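The values are calculated or read from the model by the stated rules, or taken from the named source; none is laboratory data. Owing to the predicted nature of the structure, the values given are computational and were not obtained by experimental measurement. So basically every Cβ, Gly included, is an ideal-geometry build from the backbone, and we count neighbours across all protein chains shown. The accessibility values were calculated without ligands, DNA or RNA, using every heavy atom of the protein model including side chains. Shrake-Rupley method; radii C 1.70, N 1.55, O 1.52, S 1.80 Å.
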Amino acid sequence: MTTQTTSRKSGKFTLRYRPYTLELKHAFTIASGSRSTTPIVLTELEFEGVTGYGEASMPPYLGESHESVLTFLDHVDLSGFADPFLTADILEYIDTIAQKNTAAKAALDIALHDLLGKIMHQPWHRIWGYNPADTPNTSFTIGIDTPDVVRQKVREAEPYKLLKVKLGLDTDKMMIDTIREVTDKPLCVDVNQGWKRRGEALEMAHWLADRGVLFLEQPMPKDQPDDNAWLTERSPIPTIGDEAIQRLDDVRKAFGVYHGINIKLMKCTGMREANQMAVLARALGMKVMLGCMTETSCAISAAAQLSPIADWADLDGALLTTNDVYRGMEVVNGKVVLPDRPGIGIISNQ
């Protein structure tokens, strides 16, 4: 597979894209597996001399790859659109090119939003009317590992005020006990569908609540909604749907099954639908978490534009890597700090 940039004229737009591989500082282990890299496709969308940047990140469970994203982008034809502000029309067209391919669609959505923000000379949080002072702290993720490595990861996360702990294997209590040897910071846990039985899940929820855990993310498999709803009704701490929540239509389905939803741009096709999901969840009285994959500061900064309306943010994806391509959103004393630059507010490191 070539790593060169593809550049195509598409009506008044020029679309450029190239594959990239993000390297992780530590092997990333969750209930479903372990990896040390993440495939990325970096995109650029140019209109009348202004360029917007986007990206697709493809962790294994999304079912996308360098090849699938590049094939999808090869089929994009924007020649029918003369105005980049027709976002609804453009993004609805992109959504119809092929089923799924949500990360590929997000790469175009992010680039289009960045382009439009630059044309308007405004960051997207301001265009949406969100107060940058209202951003939450971001959690820092501690993957499943040996006690010594877990202690090392916790020490490396010293600047962060909230830790997110991956659970879902037979090492769950060891992970929490090891972290509690090092810090008393509040924790949240992501089980990644790892608990299968409702009784054991409830027992663990109480055990975790006693140890300063704030909420449970996707405690049971997404195809067990009745079990998740049973747990939600009885859990001493909130439950958040993640794998069960992909796109806008899933938000209403999650009502009553979880206390809240985790929104990720790579699952929901980008910024436009993510904002719609957050607004709907709020209207339903649900909690909103803003998450990420392992991503560069491009997609992280795009998601961060929504963070002022989130209860919790888990936007550490770029911080877990060694070869980020951009600079954008920053974390200061554990808090998300939005760049006061137009679009999604990123600057290239290259």
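Tabulated results
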item	result
Residues satisfying the stated conditions in the stretch 126-142, i.e. among the charged types (D, E, K, R) and over 10 Å from I309 (Cα atoms)	R126
Test: residue in the stretch 91-99 that is exposed (fewer than 14 other Cβ atoms within 10 Å of the Cβ), among the small types (G, A, S), out of contact with any helix residue (DSSP H, G or I) (no Cβ under 9 Å at 6 or more places or on another chain) and part of a loop (DSSP other than H, G, I, E, B)	no
Contacts under 6 angstrom Cβ, first residue in the stretch 63-88 being within 17 Å of G270 (Cβ to Cβ), partner small (G, A, S) and modelled with pLDDT under 95, 6 or more apart	L78/S10; L78/G11
Residues located in the stretch 31-49, provided they are open to solvent by less than 10 Å² (accessible area, probe 1.4 Å) and β-branched (V, I, T)	T38, I40, V41, T43
Close pairs from the stretch 281-296: first of a type outside the set (A, V, I, L, M, F, W, C), partner part of a strand (DSSP E or B) and open to solvent by less than 10 Å² (accessible area, probe 1.4 Å), Cβ under 6 Å, at least 6 apart	K287/G260; G291/N262; T294/L22; T294/T38; E295/S57; T296/E55
Residue list for the stretch 50-81, restricted to those being part of a loop (DSSP other than H, G, I, E, B) and open to solvent by less than 60 Å² (accessible area, probe 1.4 Å)	M58, P59, E64, S65, V76, L78, F81
Residue match in the stretch 154-166 (condition: in a helix (DSSP H, G or I), of a type in the set (A, V, I, L, M, F, W, C) and within 26 Å of H26 (Cα to Cα))	yes
Lone unmet requirement of (1) open to solvent by 10 Å² or more (accessible area, probe 1.4 Å); (2) assigned to a helix (DSSP H, G or I); (3) closer than 28 Å to G270 by Cβ for N228	(1)
In the stretch 121-144, the residues that are part of a helix (DSSP H, G or I) and open to solvent by 10 Å² or more (accessible area, probe 1.4 Å)	W124, R126, I127, P132, A133, D134
Selected residue (only one of L116, L208, L214, L202 is touching a residue at least 12 places away in the same chain (Cβ under 8 Å), outside any helix (DSSP H, G or I) and either surrounded by 15 or more Cβ atoms within 10 Å (Cβ to Cβ) or in contact with a Pro (Cβ under 6 Å, 6 or more places away or on another chain) (or both))	L214
